[in-house]
Structures are given as C-alpha cells and as structure tokens.
Amino acid sequence: MEEPGPHQLRMLQHFGLTPATDLPDIGCGLGRLAFECASYLDDDATYTGFDIAPVAIEWLKENYAPRLPGFRFDLPEVHNERYRPDKELGPEEVRFPYDDDSFDMACAFEVFRHVSPDGVRNYLREVARVLRPGATAILTFMAIYPGEHEVRHAGRAFIPVSEGVYSRFPERASTSMGYALALIREMLVEAQLEEFDLLKGSWHDPYMEFTPLTHGCDLVAVRGP
Ligand SMILES: C[S@@+](CC[C@H](N)C(=O)[O-])C[C@H]1O[C@@H](n2cnc3c(N)ncnc32)[C@H](O)[C@@H]1O
C-alpha cells in the first residue's frame with residue numbers, strides 16, 4: 001500500500017482538493033500531509049495543521065512555518081489521556097481558533113480514534129462552522145457496520161462501552177475508539193454535515209481488493225451547511 005502522506009493527498013484530490021485550496025488538517029500529527037501539501041499547494045493557498053501533540057506542532061512550527069508562508073500550525077490546549085494528560089479542557093469544549101466560513105475543504109485523518117463521543121460531536125460542529133458554505137470535509141473513523149460482531153483490529157477486539165461506542169482499550173479513555181456507523185451518521189446530521197460518500201476501510205477485511213481509493217480506516221466525505 002502507498003505511504004500515508006501521498007495517499008491522503010490523493011484522496012483529498014479525488015474529493016476536490018486543488019492547489020488553491022485553504023485546508024485545515026485536524027490532528028495533523030507529524031506533518032505527513034503537510035509534507036505533501038508543501039509541494040502541491042500554490043503560494044496563495046493555505047494549509048493549517050491543528051494537533052494537541054506539542055512535540056509535533058513545535059517541530060512543524062520551527063521547520064515548516066518559516067519556509068512556507070501559507071502554512072500555519074496550532075496547538076490547542078486539549079486533554080487526551082495518551083497525548084495530553086496534563087490538560088483540563090476536553091475536546092468537547094474546544095473552539096477551533098478559526099473564523100466561521102474560512103476554509104474550502106477540511107480533513108481529519110485517523111484522529112477520531114482518539115476522541116470521545118462528545119469530543120467527536122463538537123469537532124464535527126466545529127468543522128461545519130469553519131467550512132465555507134457547501135465545502136467538503138474528509139473524515140475517517142473506525143466504523144462498526146450493522147451486523148458486525150466481535151470486530152477486531154490487529155487482533156484486539158472492539159469492546160462495546162456504550163450505545164454505538166466501542167474501544168479496543170476500554171480501561172483507557174479515548175484510546176482506539178470505534179463508532180457504530182449509525183452513530184457516526186447521527187453525529188454528522190446533528191452537525192449539519194451531509195454525507196455524500198463512504199469508503200469502507202480495508203481494516204474490515206484483509207482480503208479486500210485494493211483500488212486507488214482503498215483507505216485503511218472508514219472514510220466519510222461530507223458537505224458542510
Ligand atoms: C494516528 S495520529 C494521525 C496523524 C495524522 N493525521 C496522520 O494521518 O499522519 C492521531 C493524531 O491525532 C492527534 N489528536 C488526538 N486527539 C486530538 C484532538 N482532540 N484534537 C486534535 N488532534 C488530536 C494526535 O496528537 C495525533 O497526532
């Protein structure tokens with residue numbers, strides 16, 4: 001399978017990313033997508049990385065931001081059991097530091113695995129708020145499909161913890177979360193995000209045929225209000 005950075009860029013291009021796009025990357029991590037965007041986006045486009053991991057954001061601020069005028073990196077002070085245990089503000093309370101209607105497209109790759117249900121609900125509302133009218137967001141989840149039972153990933157089962165909510169590590173908060181597809185859809189509707197495509201993740205089926213649009217996690221393409 002392709003490296004994650006080039007693959008993410010290609011998925012975004014498939015769903016409408018152009019070199020002129022203003023793109024926030026929610027949970028940008030160490031900059032795998034930022035690296036690809038550095039040679040893809042035009043000078044007047046913008047890439048905004050947003051992540052709670054200080055090491056990642058500090059490194060990106062130091063090494064990317066000075067060389068790439070349209071690139072900005074933000075470190076919200078948000079609690080996460082694994083990445084930011086010292087912070088009090090939960091993801092359910094965060095307001096993204098961006099104005100309403102300020103982006104052409106948004107993405108969140110492999111982030112909601114680390115976010116509580118109320119945090120996901122808030123992040124989806126925030127994505128809807130910062131998108132320009134009708135703009136696209138690409139969001140990935142570990143989605144549990146109807147009829148799937150005792151679902152496992154890398155040998156470890158997703159254990160139900162509440163209605164539609166699963167975790168591979170139920171003893172640790174917000175770690176390796178799975179969400180029932182029905183709950184994801186309910187949360188999207190609540191946030192006024194309209195689903196227009198869903199790619200089932202290859203993690204469900206080791207024998208799934210690989211195509212250029214095969215993604216590891218379940219990928220939902222939505223339109224903002
Ligand atoms: C599996 S990594 C994915 C990183 C990147 N999107 C990629 O695909 O390379 C998950 C990232 O989500 C970030 N994260 C976890 N909780 C977050 C939150 N509440 N808000 C923003 N980022 C978060 C982590 O710090 C980590 O960098």
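Each value in this text was obtained by applying a stated rule to the coordinates, not by laboratory testing. Remember, predicted model here, so these are calculated numbers, not experimental data. Cβ: placed from backbone, ideal geometry, glycine included. Neighbour counts: every protein chain shown.
Brief remarks follow.
- Those chymotrypsin sites (Phe, Trp or Tyr not before Pro) in segment 125-225 that DSSP places in a loop and that have at most 16 other beta carbons within 10 Å: Tyr207, Phe210
- FRET efficiency estimate (nearest 0.05) - Cβ-Cβ, Tyr207 to Val161, R0 22 angstrom: 0.15
- Cut-off under 5 Å, modelled amide H: who pairs with Asp74 long-range: Gly49, Phe50, Asp51
- Bridges between two residues of the chain, per DSSP, are antiparallel at a rate of about 55%.
- Residue-averaged [θ]222 nm for the chain, counting only DSSP H segments that reach four residues, each worth -39500 (n - 2.57): -7000 deg cm²/dmol
- Computed from the C-beta positions of Ala38 and Ser102 and an R0 of 30 Å, the FRET efficiency is 0.90 to the nearest 0.05.
- Neighbour cut-off at most 10 other Cβ (10 Å), DSSP loop, GluC sites (Glu not before Pro), segment 116-225: Glu150, Glu163, Glu171, Glu209
- Stokes-Einstein diffusion for the chain, with the hydrodynamic radius set to the Kirkwood value over Cα pairs and evaluated at 25 °C in a medium of 0.890 mPa s, equals 138 µm²/s.
- A simple spin-label model places the labels of Glu171 and Lys61 3.6 nm from each other, with each point 7 Å out along Cα-to-Cβ.
- Counting only Cβ charges, +1 for Lys and Arg and -1 for Asp and Glu, the dipole size of the chain around its Cα centre is about 400 debye.
- Helix 54-63 axis versus longest C-alpha principal axis of the chain: approximately 30°, rounded to the nearest ten.
- P(r) tail, segment 142-225: Cα-Cα pairs separated by more than 21 Å, 34% of all pairs.
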